[in-house]
Amino acid sequence: MRLWPLVVGISATAAVGAAFLLAPAHPRQGANAPDVRSMPAANMGKVNVAVYDDGAPLSGRHIVFHDAAGAVVAEATSGDDGKASAEAPAGGMVTVAYGNSVYQLITVTGVQPGDEIVVGETEDEGGAARVVSTARVKLPGAYPKAARYTVSLGVGATEVPRIADPLPLPVAKRFLVDEKKFRVLGEALDEKGAPAAYAFDWANLPQTNPRHDVDVRLPAWSRAFRELTLALSTPPEGLSTVEGQVSVLANERDRFERPRQSAPVADPTPLRFLIPKALEGDTVYRLEFGYAGSPDKAMLARSDKALSDTTRIDLRESLLPRVSSATVDGGADVARPTVRYHVAGDASQADAAIVRLAWHDAREHLWIILAPPATAEIRLPELPVSLKDWTVGRSSIAAAAALIEASFYKGYDDIRHEGLTEFVEDPEAGEPRTWRYSATGDISF
């Protein structure tokens with residue numbers, strides 16, 4: 001499985017999605033011999049760890065192997081290949097000290113012999129973002145009562161400063177279909193930001209020299225929209241706000257996003273979206289909810305080729321139980337506090353629990369822990385003397401917790417073997433899929 005720590009701003013709202021991912025990997029022998037403590041041989045086995053940054057192995061990263069109670073059983077340092085391994089007990093934990101400017105720790109619980117934990121990105125994703133050309137997009141002209149105009153190639157939307165002038169946009173390699181053509185969507189928006197009309201076309205790279213600019217003149221404005229209504233009903237107690245977004249997938253990464261819709265939660269709550277009929281692909285909706293007067297929140301998302309024009313969503317049945325009241329109890333051992341949180345329902349509906357702790361002393365600190373969903377409390381594992389500067393002290397600690405679940409997982413063991421990549425990055429197009437989380441505190445995906 002793979003843990004992926006990206007840049008995380010501890011002082012701002014941090015996305016755990018940008019804190020780690022899990023993905024399958026194959027066991028490998030680590031390069032550095034571990035410092036192994038005395039442990040019974042029963043239920044022991046090799047656990048492998050590899051650490052990367054944008055596809056490059058990271059050497060010198062400290063890795064700690066724990067038993068199920070959090071005691072240190074072995075230590076290792078990643079070698080030039082970014083790898084290390086040690087004998088560890090079944091059901092134990094692994095903690096990776098990843099960060100530099102931020103002291104970032106990632107702990108996985110329930111580790112089994114033969115597992116490989118990969119921290120960081122094993123592939124350099126820069127190639128997919130490589131610019132292959134520039135599109136100079138010209139809109140068909142002014143549209144009556146339009147307040148502003150945008151253009152998108154499938155990632156975000158760029159404001160058009162002057163409708164009379166072509167808008168230059170970089171064409172990334174990943175935008176291309178059959179390595180030669182890409183989608184172009186121009187929109188006229190009213191003063192409220194709602195779509196008034198659109199212009200869509202496919203553009204082709206020059207075959208003789210694809211690096212040359214591509215002049216794209218979009219056809220006449222169209223009002224051929226499909227209206228999609230998400231009809232929300234039976235909200236759980238305390239649910240107060242919703243922000244929804246609908247997108248049409250352009251490829252594995254990119255999507256044409258429709259303007260967000262926000263509303264107070266009532267019974268019912270309709271959210272309506274206009275989708276250009278010219279756009280073809282899986283439709284994705286994502287609904288983010290807030291609970292009144294608290295840091296508690298929930299998210300529900302679904303990807304489907306065949307969402308009905310009116311999609312009815314029973315929130316009481318569709319959302320995970322509310323997670324609230326994440327606290328840290330220092331107890332007698334300040335360095336190993338216990339994190340507790342409340343789940344208002346059956347936590348076994350989820351596939352995993354995630355805890356995020358942040359604090360500041362001489363450095364910024366972040367600690368993320370992955371655990372089975374029914375975990376009611378988590379005591380931080382022991383850290384060795386070699387990581388004394390990373391240890392929790394007497395600083396104020398901000399705690400957050402979440403439950404996650406997805407239709408493409410079959411529980412915690414499946415997540416450990418298949419990974420969290422799809423959950424964090426959103427699933428690719430294909431079979432209908434649903435994913436959701438319930439959380440409290442400074443945590444999101």
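Quick note: the coordinates plus some simple rules give every number you see, no bench work behind them. What you are looking at is a predicted structure, and each value in this text was computed from that prediction instead of being measured. Positions of Cβ are backbone-derived with ideal geometry, glycine not excepted, and every protein chain shown enters the neighbour counts.
On full extension of the chain, what length is gained from D346 through S59, given 0.36 nm per residue of separation minus the C-alpha to C-alpha distance? Write down the numbers at each step before the final one.
Numbers: separation 287, 0.36 × 287 = 103.32 nm, distance 4.19 nm.
Contour length minus Cα-Cα distance gives 99.1 nm.
For region 103-253, the share of alpha carbon pairs falling in successive 5 Å distance bins from zero is 2, 7, 14, 15, 13, 11, 10, 9, 8, 6, 4, 1, 0, 0 percent. Remark: region 226-308 is approximated by an ellipsoid whose semi-axes, taken from the C-alpha gyration tensor as √(5λ), come to 25, 13, 10 Å, largest first.
In whole angstrom, the chain maps to an equivalent ellipsoid with semi-axes of 43, 27, 18, each derived as √(5λ) from the alpha carbon gyration tensor and ordered largest first. With contacts taken as Cα pairs under 8 Å and at least 6 residues apart, the chain reaches a relative contact order of 15 percent. Summarising the overall dimensions of region 345-391 from its C-alpha atoms, the Rg and Dmax are 13.7, 41 angstrom. Using the Cβ-Cβ distance between A224 and S294 with R0 set to 41 Å, the FRET efficiency works out to roughly 0.45.
Could you count how many Lys pairs in region 128-217 have their Cα atoms under 27 Å apart, skipping same-chain pairs fewer than 8 positions apart? Count of close lysine pairs: 6. Between E159 and R336, the simple spin-label model (points 7 angstrom out along Cα→Cβ) gives 5.5 nm.
From most to least packed by mean Cβ count within 10 Å, the peptides 181-187, 257-263 give 181-187, 257-263.
Over all directions, what mean area does the Cα convex hull of region 128-217 project, stated in square nanometres?
Numbers: hull surface 22.4 nm².
The Cα convex hull of region 128-217, projected and averaged over all directions, gives 5.6 nm².
Working value for region 185-264: equivalent-ellipsoid semi-axes of 35, 16, 10 Å, each the square root of 5 times a Cα gyration tensor eigenvalue, largest first.
Using packing as a proxy for protection, rank 222-231, 81-90 so that the peptide with the highest average count of other Cβ atoms within 10 Å comes first.
Values: 222-231: 14.5, 81-90: 22.4.
Per-residue Cβ counts within 10 Å, averaged per peptide and sorted highest first, yield 81-90, 222-231.
Suppose every K and R has +1 on its Cβ and every D and E has -1 on its Cβ; what is the size of the dipole of the chain about the Cα centre, in Debye to the nearest 20? Could you put the intermediate results ahead of the total?
Working: 46 positive and 58 negative charges, 236 e Å.
Dipole size: approximately 1140 debye.
Applying 0.36 nm per residue to the separation of A362 and F408 and subtracting their alpha-carbon distance, the gain on full extension is 12.4 nm. What you get for region 226-308, charging only the Cβ of Lys and Arg (+1) and of Asp and Glu (-1), is a dipole of about 240 debye around the Cα centre. Remark on region 44-89: hydrodynamic radius 10.9 angstrom, per the Kirkwood mean of 1/r across alpha carbon pairs.
I'd like the FRET efficiency for S101 and R379, computed as 1/(1 + (r/R0)^6) with the beta carbon distance as r and R0 of 25 Å, rounded to 0.05.
Numbers: r = 28 Å, r/R0 = 1.11.
The computed FRET efficiency comes out at 0.35.
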